[in-house]
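Engineer: Here you go, one structure.
The values are calculated or read from the model by the stated rules, or taken from the named source; none is laboratory data. Nothing here was measured: the structure is a model prediction, and the numbers come from that model. All Cβ positions, even for glycine, are placed from backbone atoms using ideal geometry, and neighbour counts span all protein chains on display.
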Amino acid sequence: MDYLDQLEAEAIYILREVAGQFERPALLFSGGKDSICLVHLALKAFRPGKFPFPLVHVDTGHNFPEAIEYRDNLAKELEEKLIVRYVADTIKEKNLQDGKGKFPSRNGLQTYTLLDVINEFEFDACIGGARRDEEKARAKERIFSVRDEFGQWDPKKQRPELWNIYNGKIDQGENVRVFPISNWTELDVWNYIKRENIQLPSIYFTHERECIKTEHGQWMNVNEFVQLEPTDKIEKVKVRYRTVGDMTCTAAVESEAHTVDDIIAELKDTKISERGATRMDDRVSEAAMEDRKKGGYF
Amino acid sequence: MELLRFFTAGNVDDGKSTLIGRLLYDSKSISTDILETLTKQSKSTGVDANIDLALLTDGLRAEREQGITIDVAYKYFTTDKRKFIIADTPGHVQYTRNMFTGASNTDLAIVLVDARHGITEQTRRHSIISNIVGIPHVLVCINKMDLVNYDEEVYNKIKEDYTHFAESLNLKKVSFIPTSALTGDNVVKHSDNLPWYQGPSLFEFLETVEIEQDFKTQESRFQVQYVIRPQTEQLHDYRGYAGSILSGSFKKGDKIAVHPVDLTTTIEKIEKFGQEVEEAHAGEPVIIHVSDNIDISRGTTFVPVNDSLQTEKTFEAIVCWMDNKSFQPGQKLLLQQNSFRSKAVIKEIDNKINIYNFRSEPSDGSLHLNDFCKVTIKTAETLSFDEYTNNRKTGSFILINENTNNTVAAGVIA
Ligand SMILES: Nc1nc2c(ncn2[C@@H]2O[C@H](COP(=O)(O)OP(=O)(O)O)[C@@H](O)[C@H]2O)c(=O)[nH]1
Ligand SMILES: [Mg+2]
């Protein structure tokens, strides 16, 4: 079996384990390439049946319009259930402080909305598109990752995970985060997108965009949320996105890649990791991701 | 392109993490931003003037603070020939279970030996665990050659000692490579410091080592994960059994036995991703339809009729106890084998396996963290299985504590 077939088979196996082991699973759908791949894998795992889970999106309000449009079309086309909950509502309900500063991120705030939607529907398993190559705390997380009632990950209490036997047994109130593409790298995802001819939101490909350069030399797009400073120089740059997070904390990369083939060629050449190139939120400290996961993050 | 999964074992400080770091670094699989952070961290822990390559895999705060590997870290790299999945496992004896975990679904073990110390108790322990996990191939990296003046004699002596020790186990294949993870000798590039060594570098070895394809040739096994019943108008009577072919292959028209109900039927149709296929092989996820309406649900096993599959409620296995709390007689357990689950108890602890010499010792009836014991297990439902040495998929299981839901043991049917 080719390596992509093996990765695909592993992911489908995991998705079917979720269907077999849980009462009320959900697939966390962000509109990004990783969760789009998950949906594609779910089609392969369950068609001609319906998905045994709804797609759930935590909408930060800072999402790219192209990603939202893609999300809505996809759910309609597949005739699958889509649940959307808004961080803006959580902020109002819980009287939380919205993101502040030049790039007001809601990345931390979305954990509240996520935990709320898990409670609302009593989801016992949430499937996510995180990959172990993304970040070194993720490299340590199990494929079936048990979270307590508060959604917290405890790296010291992880269950041993042997062979391909997944223990999803939990108590009332707990839930399991499941990562079927844990063993895929960014390049694997693109090779798969190519092989399967998966359609993506347009912002993954090159386009002209008004951007400003941050102090770390990253291109941030100009939008209604970013607080421009007088010294900021707005420039029109040919860019694309390597990840589709929030407009306020995801940087674009300069690129001329029009096609999936172009992107694969570009990635083979690049010297910078996906998160390094695009995320502003992990730079804060060495253990930023570990800490956020302990707090209930994806 | 092929996929090779391997894990690293060895004593603490033998250089496992450094070796993996070196492999990634010299094969240019590390991004510049990650290198930058590493350089910063290396300074802040003050370990070395060079970059501390071990920091690449030690991803948890506690690990960085203590300078040791506690949990398995997975790393990935790709060459023109292969994709590699590496499990970097901890060496400390108190993390034996994590090592067992990391080893469980790999095809190759890399056992590191410090050239200065030769084979130690830990080397034996790790090799014995690899043996129990049924790793098809063990590569012994005799590391830190720089600290023994790259002496061929030292290498040969260790090789001889290990070969002698390996004879007492049933390791299928053993290879040796002299390396220095710190300086990079023989990791990716051949080294002028080791002119007497003619074999491949570690990197070349990994790119060319044969991957055992046991599952292709074994007896045919399939287990149901999930029943697909769309119950729509057009697909009113559709009933498909979704699962992966565990080993061997199945064809349309095959007469099969269905366990544990022990009935026979015929494969009417095999679907893969919406297409009907004539035949499906080990590893492939499929949906199987059968011609008779019999009781089939999650955990049901399909095999060819008149097959050697064993079906029992009582059987013997080697278990590795993985829970901090020791085994309590009468403890309520669940046994899970792939998607099959049943209530189970450990009826008897027959004997204990000394993991330093692989000898059986009389058991005192206890089962503590990291113990390996031969036990007798009794399940409530009939288990359909093969011996682990014949089939890693149907011969392995985990035990779950019904009360805490924790995975408390891993077992191989012996
Ligand atoms: N001189 C020398 N030192 C090494 C070599 N490999 C590793 N080390 C050092 O040995 C120490 C332990 O290495 P580490 O990779 O953390 O070992 P682990 O516990 O097996 O993961 C570190 O200080 C390394 O720099 C080698 O080949 N030669
Ligand atoms: Mg280490």
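Engineer: Being assigned to a loop (DSSP other than H, G, I, E, B) and either touching an Asp or Glu at 6+ places or on another chain (Cβ under 7 Å) or facing another protein chain (nearest Cβ under 8 Å) (or both) is the filter here; which residues of region A:169-178 pass it?
Structural biologist: Those that are assigned to a loop (DSSP other than H, G, I, E, B) and either touching an Asp or Glu at 6+ places or on another chain (Cβ under 7 Å) or facing another protein chain (nearest Cβ under 8 Å) (or both): A:LYS169, A:ILE170, A:ASP171, A:GLY173, A:GLU174.
Engineer: Then there is this: Tell me the residue from B:ALA380, B:ALA344 that is surrounded by 18 or more Cβ atoms within 10 Å (Cβ to Cβ) and in a strand (DSSP E or B), please.
Structural biologist: B:ALA344
Engineer: Among the candidates A:ALA26, A:ALA42, which residue alone is under 20 Å from the mean Cα position of the chain (by Cα), buried (at least 23 other Cβ atoms within 10 Å of the Cβ) and within 14 Å of another protein chain (Cβ to nearest Cβ)?
Structural biologist: A:ALA42
Engineer: Of the residues that sit in region B:331-357 and are within 19 Å of the chain's Cα centre (by Cα) and under 22 Å from B:MET99 (Cα atoms), which one is farthest from the other protein chains (Cβ to nearest Cβ)?
Structural biologist: B:ILE355
Engineer: Same structure again: When the residues of region A:53-91 are narrowed to those that are at pLDDT 85 or above and more than 25 Å from A:GLN199 (Cβ to Cβ), which ends up farthest from the chain's Cα centre (by Cα)?
Structural biologist: A:ASP89
Engineer: Could you list, in sequence order, all residues of region A:105-146 that are away from every other protein chain (no Cβ under 13 Å), not polar (S, T, N, Q) and not in a loop (DSSP other than H, G, I, E, B)?
Structural biologist: Within region A:105-146, A:TYR112, A:LEU114, A:LEU115, A:ASP116, A:VAL117, A:ILE118, A:GLU120, A:PHE121, A:ALA125, A:CYS126, A:ILE127 meet the criteria.
Engineer: When only residues in region B:71-86 that are within 15 Å of ligand 2 (Cβ to nearest atom) and either at pLDDT 90 or above or not in a strand (DSSP E or B) (or both) count, which is nearest to the other protein chains (Cβ to nearest Cβ)?
Structural biologist: The qualifying residue nearest to the other protein chains (Cβ to nearest Cβ) is B:ASP71.
Engineer: Can you name every residue in region B:287-325 that is β-branched (Val, Ile, Thr) and farther than 27 Å from B:GLY134 by Cα?
Structural biologist: The answer is B:ILE287, B:ILE288, B:VAL290, B:ILE294, B:ILE296, B:VAL305.
Engineer: Please indicate, with yes or no, whether at least one residue in region A:131-145 is surrounded by 23 or more Cβ atoms within 10 Å (Cβ to Cβ), closer than 30 Å to B:ILE288 by Cβ and of a type in the set (Val, Ile, Thr).
Structural biologist: No; the residues of region A:131-145 include none that is surrounded by 23 or more Cβ atoms within 10 Å (Cβ to Cβ), closer than 30 Å to B:ILE288 by Cβ and of a type in the set (Val, Ile, Thr).
Engineer: Look through region B:4-24, keep the residues that are within 14 Å of chain A (Cβ to nearest Cβ) and out of contact with any helix residue (DSSP H, G or I) (no Cβ under 6 Å at 6 or more places or on another chain), and return whichever of them is farthest from ligand 2 (Cβ to nearest atom).
Structural biologist: B:LEU4
Engineer: Could we say that A:TRP184 is touching a helix residue (DSSP H, G or I) at 6+ places or on another chain (Cβ under 6 Å), more than 7 Å from every other protein chain (Cβ to nearest Cβ) and in a helix (DSSP H, G or I) here?
Structural biologist: Against the criterion (touching a helix residue (DSSP H, G or I) at 6+ places or on another chain (Cβ under 6 Å), more than 7 Å from every other protein chain (Cβ to nearest Cβ) and in a helix (DSSP H, G or I)), A:TRP184 does not qualify.
Engineer: Right, another one. Being under 23 Å from A:GLU10 (Cβ atoms), small (Gly, Ala, Ser) and touching a residue at least 24 places away in the same chain (Cβ under 8 Å) is the filter here; which residues of region A:44-77 pass it?
Structural biologist: Passing the criteria: only A:ALA45.
Engineer: Look at region B:8-19 and say how many of its residues are modelled with pLDDT under 85 and more than 8 Å from ligand 1 (Cβ to nearest atom).
Structural biologist: Matching residues across region B:8-19 total 0.
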